[in-house]
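Okay, so here's the structure we're looking at.
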Amino acid sequence: MSLSAASNVPALDQVPVALKPTLHAGLVAELAERHRRRAPYDLGDHPLLERQRQRESSARTYPRRLPLALARAQGVYVEDVEGRVFIDCLAGAGTLALGHNHPAVIEVMERTLRSGLPLHGLDFTTPVKDRFMQDVLGVLPADFARHARIQFCGPTGADAVEAALKLAKIATGRGTVLAFHGAYHGMTQGALTLMGNLGPKVALGHSLHGVQFLPYPYAYRCPFGLGGDAGAAASLAYIENLLSDPESGVPKPAAIIIEAVQGEGGVIPAPPTWLKGLRGLATRYDIPLILDEVQSGFGRTGRMFAFEHAGIEPDVVVLSKALGGGLPLSVVVYHERLDAWRPGAHAGTFRGNQLAMAAGSATLAVLRAERLDAAAAELGARLMQQLAALGERFACIGDVRGRGLMVGVELVDAAAVPNALGARPAHPELAARVQHECLRRGLIVERGGRHGSVMRFLPPLVITAAQLDEAARIFGQALAAACA
Ligand code: PLP
């Protein structure tokens, strides 16, 4: 390829930012119409699913609960190989901010593919990467971005969490970390040490250590039995005591790592005042604060990043999922004073995915141009209102909570006696039935939280009010069927 071909490098500032009336719009309309006409689906088996069961690892996850063989997708809709159409409120576990195959993302990827750019770039720079880096820094708070360094990781959220841990340990010379009950930071061994859920950890026994767990402000099941503001205040007081008491038994850690809204732990938003208090403690005791925004980042909670609801800044922020516009990509962005690691301290072959960076830049452009963060705030409030109304009808709804389009419904055993705070025991069997009844009616929702009893809504941020209302309506029907 001649040097002059460099002029073919895609001009990514030309990224289209409006959903154009392309053939994609036609497909959305077709899928929407087929979804409307659906009957409750018979979710029988299919040879693809059978082969998957026979050949894929027993560690496989989603298809166990959502037995789907996928064929096509556009926007919020996915279609399986038997022509059934579903509203996708899982959206690649919160990855697909713009939904499936958004025209702006597809267009920029096609353009990048045709440009002759080396698609595999290790950590060499390219015009696409340079632009992407500026785009990412451009959506972070300006004060933070001014002093930020960025590390490209490879390419999962868990790998970026690993990088953040190493960064903090090297910068502070300390060896342990503080994490939270209910936390989820990924499945590699370092990230697993931080996980609240013991399920995936028990088989690894004692190899996971060096982490002290702290109480997250989970008002519905308050670890202090207080709930509300009092429970959050008790959590902060506990953490402060742990950090200040010379006999707490807990060494000063390299970092505190936190999700501003716990996702897998059951969609639990930390109150902004609590997060502010935690930021204050981290500063006072000189402990780097790592915000894991892998799931909550890029507009999902109604702000570009969930920590912004508290008006705080992190020392380190971990980004993935929506970052790559649907393709694998992750980064750690951190204050330059922590940049003490040596060359190659966090290497990895697949850190230069140009398509993912181009798709990520296009996604950020659309997010900003269409103010999808503000849309997520509005739509999330609308959804929570409808789910709360269902809570009046169905006693099995213990709690409805969330922030923006990260919404959870905790299902409980309505026949059980509530505790002093009014919370009833989790009802995992009911949650499984509700998930199944949703799927039969054309709605994909995932479960998470304690005992898998929290129904989780993570739709694309481009979902319309009408599509969201339809999802809430189906959820109500599924509850009625599952409770019958
Ligand atoms: N951190 C958070 C908050 C997550 O929700 C996840 C995944 O769901 C991860 C980290 C791990 O990301 P990945 O699955 O890409 O390794």
Accessible area of H209, 1.4 Å probe, to the nearest 10 Å²?
140
Express in Å², to the nearest 10, the accessible area of T126 obtained by rolling a 1.4 Å probe over the protein heavy atoms while all chains stay in place.
20
Provide Y62, Y334, Y285, Y41 ordered by accessible surface of protein heavy atoms (probe 1.4 Å), highest first.
Y62, Y285, Y41, Y334
Testing the spin-label approximation: label points 7 Å from Cα along Cα→Cβ at M187 and A347. State their distance in nm.
2.7
Theoretical ellipticity at 222 nm over the chain - DSSP helices of four or more residues, -39500 (n - 2.57) apiece, nearest 500
-11500 deg cm²/dmol
With unit charges on the beta carbons (Lys and Arg positive, Asp and Glu negative) and the dipole taken about the Cα centre of the chain, which residue among A93, P127, F213 sits farthest to the positive side?
A93
Once the dipole of the chain is set up with Lys and Arg at +1 and Asp and Glu at -1 on Cβ about the Cα centre, which of A282, V400, L137 lies farthest towards its positive end?
V400
Pairs of alpha-carbon atoms within less than 8 angstrom and 6+ residues apart define the contacts here; what relative contact order does segment 119-369 have, in percent?
29
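Taking the solvent-accessible surface of protein heavy atoms with a 1.4 Å probe, what is the per residue accessible area of segment 119-369 in Å²?
With the other protein chains kept in place, segment 119-369 gives 37 Å² per residue.
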Solvent-accessible surface ranking, highest first, for W274, W341 at 1.4 angstrom
W341, W274
Can you spot the aspartates and glutamates whose alpha carbon is less than 13 Å from K321's alpha carbon? Ignore those fewer than 8 places along the same chain.
D159, D292, E293
Rounded to the nearest 0.05, what FRET efficiency is calculated for A466 and D42 with R0 set to 22 Å and r the Cβ-Cβ distance?
0.25
At 7 Å along Cα-to-Cβ for each site, give me the label-to-label distance between S248 and Q134 in nm.
4.4
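Using Cα pairs under 8 angstrom and six or more residues apart, how large is the relative contact order of the chain, in percent?
Averaging sequence separation for qualifying contacts and normalising by length gives 21 percent for the chain.
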Toy charge model, Lys and Arg Cβ at +1, Asp and Glu Cβ at -1: segment 90-226 dipole around Cα centroid in debye, rounded to 20, equals 300
Classify the chain: rounded, prolate or oblate, from the alpha-carbon gyration tensor (a ≥ b ≥ c, eigenvalue square roots; a/c under 1.5 rounded; otherwise prolate if a/b is larger than b/c)?
oblate
Note down the nm distance, to one decimal, between modelled labels 7 Å out along Cα→Cβ at L204 and at Q54.
3.3
Taking the full set of protein chains and a 1.4 angstrom probe, give the accessible area of K169 in square angstrom, rounded to the nearest 10.
80
To the nearest 20 debye, what is the magnitude of the charge dipole of segment 119-369 about its Cα centre, counting +1 on the Cβ of each Lys and Arg and -1 on the Cβ of each Asp and Glu?
280
Roll a 1.4 angstrom probe over the protein heavy atoms and tell me the percent of accessible area of the chain that is carbon or sulfur.
55
Largest first, what is the accessible-area ranking of F224, F298, F213 with a 1.4 Å probe?
F224, F213, F298
Which one, C483, G352, A420, is farthest towards the positive end of the dipole of the chain when Lys and Arg carry +1 and Asp and Glu -1 on their Cβ?
C483
Taking the Cα centre of each part, how many Å lie between segment 208-282 and segment 416-466?
25
So how strong a dipole does the chain carry about its Cα centre when Lys and Arg Cβ are +1 and Asp and Glu Cβ are -1, to the nearest 20 debye?
460
Taking amide H positions as placed 1.01 Å from N in the peptide plane, with prolines and chain starts having none, which residues 5 or more places from D399, or on another chain, fall under 5 Å of its amide H?
E410
If I stretch the segment between R337 and R64 completely, what's the gain in nm (0.36 nm per residue apart, minus their alpha carbon distance), one decimal?
93.8 nm
Looking only at lysines whose Cα falls under 19 Å of K252's and that sit 8 or more positions away or on another chain, we get K166, K169
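The values are calculated or read from the model by the stated rules, or taken from the named source; none is laboratory data. As the structure is a computational prediction, the values presented were derived from the model and not from experiment. Here Cβ is always computed from backbone atoms with ideal geometry, including for glycine, and neighbour counts include all displayed protein chains. Side chains included, ligands, DNA and RNA excluded: accessible areas come from the protein's heavy atoms. Shrake-Rupley method; radii C 1.70, N 1.55, O 1.52, S 1.80 Å.
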